[in-house]
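Below you'll find the structure, written out as structure tokens, and then a few comments.
The values are calculated or read from the model by the stated rules, or taken from the named source; none is laboratory data. Here the structure is a predicted model, which means the values were calculated and not measured. Here the Cβ positions follow ideal geometry from the backbone for every residue, glycine too, while neighbour counts run over all protein chains shown. We work out accessible area using only protein heavy atoms, side chains counted, and drop any ligands, DNA or RNA first. Shrake-Rupley method; radii C 1.70, N 1.55, O 1.52, S 1.80 Å.
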Amino acid sequence: MTQSVLIYGFHAVTSRLRQNAGSIQEIYLDQGRHDQRSRDLLQLAEAKGVKTMQIPRQRLDGIAGDKHQGVVAKVSALAALPHTLDGVLDSLSESALLLVLDGVQDPHNLGACLRVADAMGAHAVIAPKDRAAGLNPTVRKVASGAAETVPFITVTNLARTLRELQELGIWVIGTAGEADRDLFSMKLDGPIAWVLGAEGEGLRRLTRENCDELARIPMLGSVESLNVSVAAGICLFESRRQRTVSRA
């Protein structure tokens with residue numbers, strides 16, 4: 001029997017319909033919703049040949065809890081092979097821009113990081129398999145479709161992966177509030193892997209030791225730290241900005 005997983009939320013389900021409709025076994029929609037968003041999703045599902053069932057909200061709650069926004073999709077877990085780091089890097093037509101997350105356990109933070117990675121054109125998000133959030137329905141919902149477009153790669157040994165990136169000529173930059181240099185004073189238009197730790201704890205010692213350099217985000221106000229997804233967006237944006245300037 002084919003294994004399946006659930007994704008929920010309008011962004012995540014709509015994105016899967018557009019990207020890989022063949023992986024969707026069926027969609028459950030709140031029968032009490034008659035708004036334009038629901039009509040658009042039904043129309044798209046019909047166009048893609050995907051079966052939809054309109055059911056009471058209570059049944060949706062039983063399937064996926066109470067955070068589904070009125071839509072849940074059952075998706076084949078074997079529809080796509082997992083991304084590999086080598087595969088992603090071999091497919092690039094520009095310098096690598098990667099986001100590495102060290103110990104981010106909150107699925108909302110991971111989902112938000114995937115969303116900013118998609119927005120800034122990061123080629124992959126890398127995270128350890130253990131003691132870190134993985135792709136679950138909450139992550140997919142928060143990511144608003146980015147979990148379907150940004151390769152998410154889990155690795156057994158993060159420190160070893162950072163060393164492998166360095167051997168490939170990718171500059172590994174960790175973020176730390178106490179770093180001597182700030183990212184606005186650094187040249188960031190080449191192949192880069194940004195490494196961010198969990199909010200509050202920061203980078204683990206071994207991860208920090210395997211970075212080529214540490215950078216800090218200038219903090220001009222009264223707060224001392226930023227949410228990891230906000231910090232990721234700033235770092236990725238500055239890399240993209242410098243690439244654009246260097247090509248001008």
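Build a GNM of the chain with springs between Cα atoms under 10 Å: which of Gly200, Gly62, Gly169 gets the top mean-square fluctuation?
Gly62
Top mean-square fluctuation among Gly134, Gly221, Gly145, Gaussian network model of the chain, C-alpha springs under 10 Å?
Looking only at Gly134, Gly221, Gly145, the largest GNM fluctuation is found for Gly221.
With only Lys, Arg, Asp and Glu charged, each at its Cβ (+1 for the first two, -1 for the last two), find how big the charge dipole of the chain is about the Cα centre; round to the nearest 20 debye.
It works out to roughly 760 debye.
Ala193's amide H: which non-local residues (gap 5+, or another chain) put their own amide H closer than 5 Å, with H modeled 1.01 Å from N in plane and none for Pro or chain starts?
The answer is Leu98, Trp171, Val172, Ile173.
Determine Rg/Rh for the range 109-150; Rg is computed over alpha-carbon atoms and Rh is the Kirkwood hydrodynamic estimate from the same atoms. Intermediate values should be presented prior to the final figure.
Values: Rg = 9.5 Å, Rh = 10.1 Å.
Answer for the range 109-150: 0.94.
Ignoring ligands, DNA and RNA, please state the percent of accessible area on the range 94-248 from carbon and sulfur, probe 1.4 Å.
On the way: 3540 of 7170 Å².
Here carbon and sulfur together make up 49 percent of the probe-accessible area.
Please list the non-local residues whose amide H lies under 5 Å from the amide H of Gln25, H modeled 1.01 Å from N, same-chain partners needing a gap of 5 or more.
Here Lys74, Val75, Ser76 satisfy the definition.
Count the net charge of all other residues whose Cβ sits under 13 Å from the Cβ of Gln166, scoring Lys and Arg as +1 and Asp and Glu as -1.
Surrounding charge for Gln166 is -3.
For the chain, what is the number of Lys pairs with C-alpha distance below 18 angstrom, counting only pairs 8 or more positions apart or on separate chains?
4
Taking the Cα centroid of the range 1-62 and of the range 120-144, what is the distance between the two, rounded to the nearest whole Å?
Cα centres, the range 1-62 to the range 120-144: 21 Å.
Please find, in a Gaussian network model of the chain (springs between Cα atoms separated by less than 10 Å), the residue of Leu44, Leu98, Leu188 whose mean-square fluctuation is greatest.
With Cα springs under 10 Å in the chain, the top fluctuation among Leu44, Leu98, Leu188 is at Leu44.
Go ahead and estimate [θ] at 222 nm for the chain from helices alone: -39,500 (n - 2.57) per DSSP H run with n ≥ 4, summed, over the residue count, rounded to 500. Before the final figure, lay out the partial values.
On the way: 9 runs with 93 residues, N = 248.
My calculation for the chain gives -11000 deg cm²/dmol from helical runs alone.
So, how do all the Cα-to-Cα distances of the range 192-237 break down into 5 Å bins, in percent, from 0 on up?
In whole percents, the pair-distance histogram is 5, 17, 32, 28, 14, 4, 0.
Excluding ligands, DNA and RNA, what is the solvent-accessible area per residue of the chain at a probe of 1.4 Å, expressed in Å²?
51 Å²
Could you size up the charge dipole of the range 157-206 around its Cα centre, putting +1 on the beta carbon of Lys and Arg and -1 on that of Asp and Glu, and report it in debye to the nearest 20? Before the final figure, lay out each step's value.
On the way: 6 positive and 8 negative charges, 40 e Å.
Using only the charged Cβ atoms, the result is roughly 200 debye.
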